[in-house]
Amino acid sequence: MMMSSVVNTYPVSSYTFGTKELKMEFADRLACMKVNYMKEGMRTSVEAILLVQEHNHPHILLLQIGNTFCKLPGRGRLKPGENEVEGLKRKLSSKLGANSPRIQPDWQFKKRFIAHLSEQEYFAVPKNLKLLAVPLFELYDNVQRYGPVISTIPKQLSRFQFNVINN
């Protein structure tokens, strides 16, 4: 895990985006979550922030569900005995990884769990979701649109320096 306070951001245009089949409908996923809770009880959650840049300004990648709800792509629960980094790699690969072992991102994290993206990656987005690049200034204190967690990300990132790398 890297501890530097400098985060490299690459243009969103340097990434490749594709689609993949959705894994589970919301109602099925909710039923599965209830069963898992009954078996395992409370579990630890993790979240990862994916940063890109557009027009030399940092943006965060968010998954949009339907027309209104947004969430971080690396959000999810850890399996029993799984550490945070392993869990984040599993969640991000599950949500955005291609269904091919040849095309798997090399996830690297800072403790705030900012996923360091390499200069080029391929993201496979489930067909029922959209992946948006949202500028930090739009997220700032915008609880009504993005909720209490996502709207505080700009404050959390204020201690980092962004190194804008243009191809």
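Per the Kirkwood treatment, what hydrodynamic radius in Å, one decimal, follows for region 42-102 from the mean inverse distance over all distinct Cα pairs? Could you put the intermediate results ahead of the total?
Working: mean 1/r = 0.0769 Å⁻¹.
About 13.0 Å for region 42-102.
Send over the semi-axes of region 99-167's equivalent ellipsoid, whole angstrom and largest first, taken as the square roots of 5 times the C-alpha gyration tensor eigenvalues. Could you put the intermediate results ahead of the total?
Numbers: eigenvalues 120, 65, 28 Å².
Each semi-axis is the square root of five times an eigenvalue, giving 24, 18, 12 Å.
Name the residues whose placed amide hydrogens come within less than 5 Å of the amide hydrogen of Leu131, ignoring near sequence neighbours (fewer than 5 apart) on the same chain.
Gln64
Mind checking which of Ala31, Gly18, Ser93 is farthest towards the positive end of the chain's charge dipole, using Cβ charges of +1 (Lys, Arg) and -1 (Asp, Glu) about the Cα centre?
Ala31
Between Thr16 and Glu54, what length in nm is gained on full extension when 0.36 nm per residue of separation is reduced by their alpha carbon distance? Can you show the working numbers first?
Working: separation 38, 0.36 × 38 = 13.68 nm, distance 1.46 nm.
Stretched fully, the Thr16-Glu54 segment lengthens by 12.2 nm.
Using a Förster radius of 35 Å, what is the FRET efficiency between Arg43 and Asn166 based on their Cβ-Cβ separation? Nearest 0.05, please. Don't jump to the answer; show the numbers that get you there.
Numbers: r = 41 Å, r/R0 = 1.16.
E(calc), rounded to 0.05, equals 0.30.
In what order, largest first, do Lys127, Lys95 sit by accessible area if the probe radius is 1.4 Å?
On the way: Lys127 120, Lys95 35 Å².
These residues rank, largest area first, as Lys127, Lys95.
For the full complex of protein chains and a 1.4 angstrom probe, list Met38, Met33 by accessible area with the highest value first.
Working: Met38 155, Met33 65 Å².
Final ranking, largest accessible area leading: Met38, Met33.
How many angstrom lie between the C-alpha centres of region 140-156 and region 31-52?
Cα centroid to Cα centroid, the span is 21 Å.
Using +1 on the beta carbon of Lys and Arg, -1 on that of Asp and Glu, and nothing else charged, what's the dipole of region 6-164 about the Cα centre, debye to 20?
460 debye
Would you mind checking which residues have amide H under 5 Å from Asn8's amide H? H placed 1.01 Å from N; only 5 or more apart, or other chain.
The answer is Asn163.
Quickly estimate the mean residue ellipticity at 222 nm for the chain, helices only: each DSSP H run with n ≥ 4 gives -39500 (n - 2.57), and the total goes over all residues, rounded to 500. Don't skip to the answer; put the middle values down first.
Numbers: 5 runs with 45 residues, N = 167.
Helices in the chain give a 222 nm mean residue ellipticity of -7500 deg cm²/dmol.
Give me the number: length gained by fully extending Ser118 to Asn99, i.e. 0.36 nm times residue separation minus the C-alpha to C-alpha distance, one decimal in nm. Intermediate results must be reported in sequence, preceding the final value.
Working: separation 19, 0.36 × 19 = 6.84 nm, distance 1.93 nm.
Full-extension gain reported as 4.9 nm.
Can you list the aspartates and glutamates whose alpha carbon is less than 17 Å from that of Lys79, not counting same-chain residues fewer than 8 positions off?
Partners within reach: Glu40, Glu47.
What per residue convex hull volume, in Å³, comes out for the chain when only alpha-carbon positions are used? List each step's numbers first, then the result.
Numbers: hull volume 21.4 nm³, N = 167.
Taking the convex hull of the Cα positions in the chain, it is 128 Å³ per residue.
Expected output is a single nm value to one decimal: the length gained when fully extending between Asn36 and Phe69, i.e. 0.36 nm times separation in residues minus the C-alpha distance. What is it?
9.5 nm
Using the charge dipole of region 6-164 (Lys, Arg: +1 at Cβ; Asp, Glu: -1 at Cβ; taken about the Cα centre), state which of Leu50, Gln161, Ser118 has its Cα farthest towards the positive end.
Leu50
Each label point is 7 Å from the Cα along the Cα-to-Cβ direction; what then is the distance between the points at Val143 and Glu84, in nm?
For the pair Val143/Glu84, the computed spacing is 2.5 nm.
Can you say what percent of the DSSP beta bridges in the chain, counting only those with both residues inside, are antiparallel? Round to 5. Mind showing how you got there, number by number?
Numbers: 18 of 30 bridges.
Here the share of antiparallel DSSP bridges comes out near 60 percent.
Is there a pair in Lys71/Lys155; Lys89/Lys130; Lys20/Lys89; Lys39/Lys127; Lys20/Lys155; Lys89/Lys127 whose C-alpha atoms are over 26 Å apart, and which pairs would that be? Intermediate values should be presented prior to the final figure.
Working: Lys71/Lys155 17 Å; Lys89/Lys130 20 Å; Lys20/Lys89 18 Å; Lys39/Lys127 30 Å; Lys20/Lys155 33 Å; Lys89/Lys127 21 Å.
As for pairs spanning more than 26 Å Cα to Cα, those are Lys39/Lys127; Lys20/Lys155.
Take the Cβ-Cβ distance between Asp106 and Asn128 as r, set R0 to 25 Å, and report the resulting FRET efficiency rounded to the nearest 0.05. Before the final figure, lay out the partial values.
Values: r = 27 Å, r/R0 = 1.07.
Calculated transfer efficiency: 0.40.
The values are calculated or read from the model by the stated rules, or taken from the named source; none is laboratory data. Just so you know, these numbers come straight off a predicted model, no measurement behind them. Ideal geometry is used to build each Cβ from the backbone, glycine not excepted, and the neighbour counts take in all protein chains shown. The accessibility values were calculated without ligands, DNA or RNA, using every heavy atom of the protein model including side chains. Shrake-Rupley method; radii C 1.70, N 1.55, O 1.52, S 1.80 Å.
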